[in-house]
Amino acid sequence: MEPLSVKGLQDRMKEGVDFTLVDVREAWEREAFHIGGIHIPLSEWYLKRERWVGLSGTIVLYCEKGIRSAIAGQRLEAEGIGPVYNLTGGMKAWKEAFGTDRRAPTNGSNP
């Protein structure tokens, strides 16, 4: 698993790089603020394992500070899934860098 800065993620979004963005936070956290992607809470790893192991290609994981997404990344790599990137600092770092702007251009994998 590789770290990815918020600037690096924003650049990938703007450039239309193909990846799957995954929010691993709880539903209430996502409702308050998110930057897109699919939602698979880490707390539901075992309940939704088929969604996790069904992921393919490059995956970028995010949470609030980067801890839960790091755990999810380790689990994906243990399953042989990846490459996996962890958003360094998570949504906290995104908000510090860009405020609550979630309007970065996105590609098809990042609704």
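Listed here are the residues, each with its yes/no results for (1) free of Cβ contacts under 8 Å to residues at least 60 places away in the same chain; (2) of a type outside the set (Lys, Arg); (3) over 15 Å from SER5 (Cα atoms); (4) in contact with a Lys or Arg (Cβ under 8 Å, 6 or more places away or on another chain).
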position: LEU47; (1), (2), (3), (4): yes, yes, yes, no
position: ARG51; (1), (2), (3), (4): yes, no, yes, no
position: GLU64; (1), (2), (3), (4): yes, yes, no, yes
position: GLY80; (1), (2), (3), (4): yes, yes, yes, no
position: ASN86; (1), (2), (3), (4): no, yes, no, no
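Could you list all residues from the stretch 63-83 that are more than 16 Å from PRO41 (Cβ to Cβ) and either among the hydrophobic types (A, V, I, L, M, F, W, C) or surrounded by 15 or more Cβ atoms within 10 Å (Cβ to Cβ) (or both)?
Answer for the stretch 63-83, where residues must be more than 16 Å from PRO41 (Cβ to Cβ) and either among the hydrophobic types (A, V, I, L, M, F, W, C) or surrounded by 15 or more Cβ atoms within 10 Å (Cβ to Cβ) (or both): ALA78, ILE81, GLY82.
When residues of the stretch 1-43 are filtered for being among the small types (Gly, Ala, Ser), more than 12 Å from the chain's Cα centre (by Cα) and farther than 24 Å from GLY54 by Cβ, how many remain?
Number of matching residues: 2.
Name the single residue that is surrounded by the fewest Cβ atoms within 10 Å (Cβ to Cβ) among those in the stretch 53-62 being closer than 19 Å to PRO3 by Cα and not hydrophobic (A, V, I, L, M, F, W, C).
Within the stretch 53-62, the match that is surrounded by the fewest Cβ atoms within 10 Å (Cβ to Cβ) is SER56.
Please indicate, with yes or no, whether at least one residue in the stretch 70-77 is part of a helix (DSSP H, G or I) and under 16 Å from SER5 (Cβ atoms).
yes
Any read-out appearing in this document is the output of simple, stated calculations on the displayed coordinates, not a laboratory observation. Because the structure is predicted, anything quoted here is derived from the model rather than measured. Cβ: placed from backbone, ideal geometry, glycine included. Neighbour counts: every protein chain shown.
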